[in-house]
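Derivation of every value follows stated rules applied to the coordinates shown; laboratory data play no part. Bear in mind the structure is a predicted one, so any value in this text is a computation, not a measurement. A quick note on method: Cβ atoms are made from the backbone with ideal geometry, for glycine too, and the neighbour counts reach across all protein chains shown.
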Amino acid sequence: MENLKEKAARGLLWGGVANGLQQVLNLAFGILIARKLGPSEYGLVGMLTVFSAIAGALQEGGFISALNKRETVTRDDYNSVFWFNTLVSITLYALLFLCAPLIAKFYGEPELIPLARYLFLGFVITSLNIVPRAYMFRELRVKENSLIILVAQFVSGCAGVAMAWNGFAYWGIASQTIIYVAVITTLCYWRTGWRPSMNFSFGPVREMLGFSSKLIVTNVCTILNQNLFSVLLGRYYTKIEVGNFAQANKWNYMGHVTLTNMLWSVAQPVFARTDTEPERQRAVCRKMLRFTAFLAFPAMFGLSLVAEELIVLAIGNKWVGAAAVMQLLCFWGAFVPIQGNFSNLLIARGQSGTYLWCTVALVVCVLCAAVGMHPLGMTWMLRAFVLINVGWTFVWHWFVRKEIGLRLVDMLRDTAPYFFLSAALCLAAHFLTAGISNLWLTLVLKVIGVAAVYILVLWLSGSVILRESAGFIFKRHL
């Protein structure tokens, strides 16, 4: 049998490759759609993102993590979760269907009524795949899950582009979401072979609700934190500004979610399996931190560095307003995967209450800061948002230290070298290319220059993470 280390490493490799390919597809289809549509069309869909995301978090209910934490899982457990999620999702859709006119009135956009009722169908479809996804997650079937998502992304992307270029405007973006979750649901059932039965009891759900209910509230708060500006900008500013923010946040999301999802697919199961061995769990956590910092800081700081070139070259000058927003968001995005490691560890150790209150406190702080900065404009609101979210990394660490004894000095020793090296290289590249007017040349020089020097410095300094990653990929000692 494979040992846990080998299985986790293979999961990280597959997760990294697959998530990278997913974001390449997402980028390609996003460029094609954004070249046809403008900020106002994206703004309409962006105004609804927070509602559909919250509804999705409520119907998922944290049961994927709850099922993963159970020592043994029976067919009755899966069946109970399936029917509970189905009933909850139908109820939520009915409520949101009726509330669509109120949402449209809040934003002052009558077009949102039919769009909302259509887009919200997505989380009803999603509720049907919670159980097969939970099964694949628990069994570390990262490769199969990744392939399913790639197929769904390709099919839905083709449909979205076709609709956008044939005059369906924002309906193409909404349809892309619906088709994406529909394909995932279909393929998950096909690969797992799991089917619901009519013999069910809500007893297992009641046993899991104590843990999962805290994750529900936490997920809702996380979504509010990530989509707060879509709501505030939609309320106080124009849909064009919402569109610029949505576009910038999409690029930032594509960057950090590649790493976050890759780690999520492995971190929780691995942490759960080392829960009875604190020293081993701490060692695993530190290694995950080093690996995350090794990838996250250069990737996200680099994305911030080339924000203007990417935006203008990929989707045109009409989106140039999104570049400055993207630069700020990507700085925050570099810390999201690190915070994800901490939250995964807390969940694996059953500390859903800690996870909940830490996230609630973060949202309250961000909301107060955003409202307070509102008179100063969107830029200051974003600066406050980024500063608080980055600083919250140390709050997450404080709770992790209480759980496994991870000292602050150890966390900094594991992450700071990658932070400072990435920041220094990106700043140097910014100033060295400042006088070049050709955007293509600037983009190539920044990307190749920073990446090459980063790898060279780590190699010469004897970076263990770099050598282990290269050795695993190429299956030989380097």
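Can you put 87, 119 in order, fewest other beta carbons within 10 Å first?
Ascending number of Cβ neighbours within 10 Å: 87, 119.
So what are the ³J(HN,Hα) numbers for the stretch 286-301, from phi and the Karplus equation (6.51, -1.76, 1.60; θ = phi - 60°), rounded to whole Hz, Gly and Pro as x?
So the J values, rounded to whole Hz, are 5, 5, 5, 5, 5, 5, 5, 5, 4, 9, 5, 5, x, 5, 7, 5.
What list of ³J(HN,Hα) couplings, whole Hz, do you get for the stretch 86-94 from phi and the Karplus terms 6.51, -1.76, 1.60, once you set θ to phi - 60° and write x for glycine and proline?
5, 5, 5, 5, 5, 5, 5, 5, 4
Residue 434 versus residue 407, label points 7 Å from Cα toward the beta carbon: distance in nm?
Once both label points are built, they end up 4.1 nm from each other.
Separation of the stretch 313-374 and the stretch 406-459 by C-alpha centroid, Å?
Here the two parts' Cα centres lie 22 Å apart.
Evaluate the Debye formula for the stretch 271-478 with equal point scatterers sitting on the alpha carbons, no solvent, and hand back log10 of I(q)/I(0) at q = 0.09, 0.11, 0.12, 0.15 Å⁻¹, in q order, two decimals.
Log10 of I(q)/I(0), two decimals: -0.44, -0.64, -0.76, -1.08.
Normalising by the residue count of the stretch 271-478, find the relative contact order in percent from Cα pairs under 8 Å and 6+ residues apart.
28
Among 259, 21, what is the fewest-to-most ranking by other Cβ atoms within 10 Å?
On the way: 259 25, 21 17.
Going from least to most buried by this count: 21, 259.
Among the listed pairs 36/143; 143/446; 143/402; 143/318; 143/287; 250/402, which are separated by more than 27 Å between their Cα atoms?
As for pairs spanning more than 27 Å Cα to Cα, those are 36/143; 143/446; 143/402; 143/318; 250/402.
What size of dipole, in debye to the nearest 20, comes out for the stretch 271-478 about its Cα centre when the only charges are +1 on Lys and Arg C-beta atoms and -1 on Asp and Glu C-beta atoms?
So the magnitude is around 420 debye.
Mind sorting 330, 365 by how few other Cβ atoms lie within 10 Å of their own Cβ, fewest first?
Final ranking by Cβ density, sparse to dense: 365, 330.
Give the distance, in whole Å, between the Cα centre of the stretch 384-402 and the Cα centre of the stretch 113-130.
33
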